[in-house]
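Colleague: Have a look at the structure that comes next, please.
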């Protein structure tokens, strides 16, 4: 059962990271509201931190660096979510919608 | 050195301790994939947020398998506890239901398949890159425990610590100002 030994392999985690990243890209294109795109961007950030954690676990000489990097990514993601939600509320107050098809005032 | 970095080569039996750990890992990965699929494909945004929470719960398990229980806890606390709830609040305040069918003007029918093929291409490329590269292992010098992380945050990586506090402070103030503007 080589399947049960997957958690000891670096490539498993790299594949998980690639999967999360491609889900994020797909959601960014397909979603039609700002909130949906925000959710997808969280996946892209999670993919990056998964990769950092995997390299930190298997390859890095000092396993502290990757953990700190992931902590920074988490903090950035939280700040980004807070700012995005408040921008969205401001936009909703002015336009009564956050659908990306309707927010086209700057389109030539 | 082989292309795939595996720590121990021997495959465990299903009903040994290592085998059960492997089964739990597979369940965790299933949680991540299911949650991501729900979050990306759900029609209603509330369900997408639920998918996000499921996926990040699974990801906390993955971090636990990567020998970092501290970051697993932080993942649960920040993502599942804070970010998901924040997005749920945003949905409640702005009621942004996605239009379907007739509402989809300005939108080519090709958008869905094109997005899927782009994502699939990205996934294939990254997977091949991850599997084919000859990763070089460096000799281990430090440890994984929380104490080392805390010491590093306050000594060698103190700039990062200060920077992240400033970023979070600015984000709080900026979010307050943005959400308060235009209110009467």
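Colleague: Considering the convex hull of the alpha carbon atoms of region B:145-184, report its projected area averaged over all viewing directions, in nm², one decimal. Walk me through the numbers on the way to the answer.
Modeller: Values: hull surface 13.4 nm².
For region B:145-184, averaging the hull's shadow over all directions gives 3.4 nm².
Colleague: Along the principal axes of its C-alpha atoms, what lengths does the protein assembly as shown span, in descending order and rounded to whole Å?
Modeller: 62, 46, 35
Colleague: Treat the count of other C-beta atoms within 10 Å as a stand-in for reagent exposure and order B:116, B:138 from fewest to most. Please list the in-between numbers first.
Modeller: On the way: B:116 15, B:138 9.
The order, fewest Cβ neighbours first, is B:138, B:116.
Colleague: Counting other beta carbons within 10 Å of each residue's own, what order do A:50, B:34 fall into, fewest first?
Modeller: Details: A:50 25, B:34 14.
In increasing order of surrounding Cβ atoms, one gets B:34, A:50.
Colleague: Could you give the radius of gyration (one decimal) and Dmax (whole number) of the Cα atoms in chain A, in Å?
Modeller: Rg and Dmax of chain A, Cα atoms, are 18.0, 59 Å.
Colleague: Oh, and also: Note down the nm distance, to one decimal, between modelled labels 7 Å out along Cα→Cβ at residue B:111 and at residue B:30.
Modeller: Roughly 3.4 nm, to one decimal.
Colleague: A further question follows. Determine, from the Cβ-Cβ distance of residue B:16 and residue B:73 and an R0 of 22 Å, the FRET efficiency 1/(1 + (r/R0)^6), rounded to the nearest 0.05. Mind showing how you got there, number by number?
Modeller: On the way: r = 28 Å, r/R0 = 1.26.
Efficiency, from the Cβ-Cβ distance: 0.20.
Colleague: Here's another thing I want to ask about it. What spacing in nm lies between the two simple spin-label points modelled at residue B:37 and residue B:151, each 7 Å away from Cα in the Cβ direction?
Modeller: With each label point 7 Å from Cα toward Cβ, the separation is 4.5 nm.
Colleague: Which of rounded, prolate or oblate describes region B:13-99 when judged by the alpha-carbon gyration tensor and an a/c cut-off of 1.5? Can you show the working numbers first?
Modeller: Working: a/c = 4.94, a/b = 1.95, b/c = 2.54.
It comes out oblate by the Cα gyration axes.
We did not get these values from a lab; they are worked out from the coordinates using the rules stated. Predicted model, so just to flag it, every value in this text is computed and none were measured. Note that each Cβ is placed from the backbone with ideal geometry, even for glycine, and that neighbours are counted across all protein chains shown.
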